[in-house]
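Peer 1: Below is the structure I would like to discuss, written out as structure tokens.
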Amino acid sequence: MQNNLRVVTLDGPAGVGKTTLAKRVAQELSIAYLDTGAMFRIFGWKFGKSAQNMSEKELEDHIAQYTFSLSGIGFDSVLSVNGAPVGDEIRTEEVAALASSVAKLPAVRNALKRVQREISTQTSLVAEGRDMGSVVFPTAKYKFFLDATAEERGARRFNQLQEMGKEADLDRIIEQIKERDLQDRTRTIAPLVAAKDAHIIDTTHLDIDGVFNSIMNFFD
Ligand code: DC
């Protein structure tokens, strides 16, 4: 890895505001933003529930058909799969649940870890995910872990949906967040956990600017 390349890791549970913050931090630092959740969503979307019944070898063969690339900086970062930018088709609760399921499979995690590390040899980046600081980039100099209660995260998501004029059921959203938390925190490989040397930021009582400022305070 070239000396001038750097990796900032931003991990935390679903709905904590990682994406907004990771993009903003990447923009401020003029480096790329990598959405690793989108990579798991792609496999969840493409493989569906059948992934759970595939052998390690079958999965590896399927995975080998996909190549990922990252271009651009900050808000303009673009993650592509097989040359085409990842679109909104993966941004549904259904795909999120499938992503959380395939994220338990060693073949998927290992393949994506390799790809994520490979991308980091080509560009400096803010890597957003669940295990960026703990597993994929253990030697990263800047590691952050954002947290907030499931109720607070559910309320934020509910407000977002309402602002977009979409129908939303707060109790159902909180329930889905708790289900995904449980799945992400209790899986055997690379569970959602803060790296020992990560800066943990409880965002429950902070707005986006407050979290952004506390992150940026750590940079020289
Ligand atoms: O961040 P997201 O909601 O788009 O992530 C979708 C799912 O992918 C999430 O439930 C857990 C999984 N994931 C993971 O296991 N490791 C990552 N680095 C990123 C996401």
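The values are calculated or read from the model by the stated rules, or taken from the named source; none is laboratory data. Given the structure is predicted, the values throughout are model-derived calculations rather than measurements. Cβ placement follows ideal geometry from the backbone for every residue including glycine, while neighbour counts extend to all protein chains displayed. Surface accessibility is based on the protein's heavy atoms, side chains included, excluding ligands, DNA and RNA. Shrake-Rupley method; radii C 1.70, N 1.55, O 1.52, S 1.80 Å.
Peer 1: Can you pull the percent of the stretch 16-68's accessible area that's carbon plus sulfur, 1.4 Å probe, other chains left in place?
Peer 2: C and S atoms contribute 44 percent here.
Peer 1: Filter the cross-link list Lys57/Lys196; Lys18/Lys104; Lys23/Lys104; Lys113/Lys196; Lys18/Lys196 down to pairs whose alpha-carbon distance in this structure exceeds 28 Å.
Peer 2: Lys57/Lys196
Peer 1: With a 1.4 Å probe and all protein chains left in place, how much accessible area per residue does the stretch 72-182 have, in Å²?
Peer 2: Values: 5530 Å² over 111 residues.
Ligands and nucleic acids excluded, the figure is 50 Å² per residue.
Peer 1: Put Lys57, Lys178, Lys49, Lys196 in order of accessible area, largest first, 1.4 Å probe: what do you get? Please report the intermediate quantities before stating the final value.
Peer 2: Working: Lys57 120, Lys178 100, Lys49 165, Lys196 210 Å².
My answer, sorted largest first, is Lys196, Lys49, Lys57, Lys178.
Peer 1: Under the Kirkwood approximation applied to all pairs of distinct alpha-carbon atoms, what is the hydrodynamic radius of the stretch 121-168 in Å?
Peer 2: So the Kirkwood estimate lands at 13.5 Å.
Peer 1: For the stretch 37-90, what does the relative contact order come out to in percent, with C-alpha contacts under 8 Å and a separation of six or more?
Peer 2: Relative contact order, the stretch 37-90: 30 percent.
Peer 1: What order, most packed first, do the peptides 37-47, 97-107, 162-172 have when packing is the mean number of other Cβ atoms within 10 Å of each residue?
Peer 2: The most tightly packed comes first, giving 37-47, 97-107, 162-172.
Peer 1: Report in % the part of the accessible area of the stretch 171-220 that belongs to carbon and sulfur, leaving out ligands and nucleic acids; probe 1.4 Å. Walk me through the intermediate numbers first.
Peer 2: Values: 1680 of 3160 Å².
The nonpolar share, carbon plus sulfur, comes to 53 percent.
Peer 1: Using only alpha carbon pairs under 8 Å that are at least six residues apart, calculate the relative contact order of the stretch 105-220 and give it in whole percent.
Peer 2: For the stretch 105-220, the relative contact order is 34 percent.
Peer 1: In addition: Scaled to the compact-protein estimate 2.2 N^0.38 Å, what is the alpha-carbon radius of gyration of the stretch 1-104, rounded to two decimal places?
Peer 2: So the Cα radius of gyration is 1.16 times the expected 2.2 N^0.38 Å.
Peer 1: Evaluated at 20 °C with a viscosity of 1.002 mPa s, what Stokes-Einstein diffusion coefficient in µm²/s does the chain have when Rh comes from the Kirkwood expression over alpha-carbon pairs?
Peer 2: Estimated diffusion coefficient is 121 µm²/s.
Peer 1: Would you mind calculating the relative contact order of the stretch 90-173 from Cα pairs under 8 angstrom and at least 6 residues apart, reporting the percent as a whole number?
Peer 2: Value for the stretch 90-173: 14 percent.
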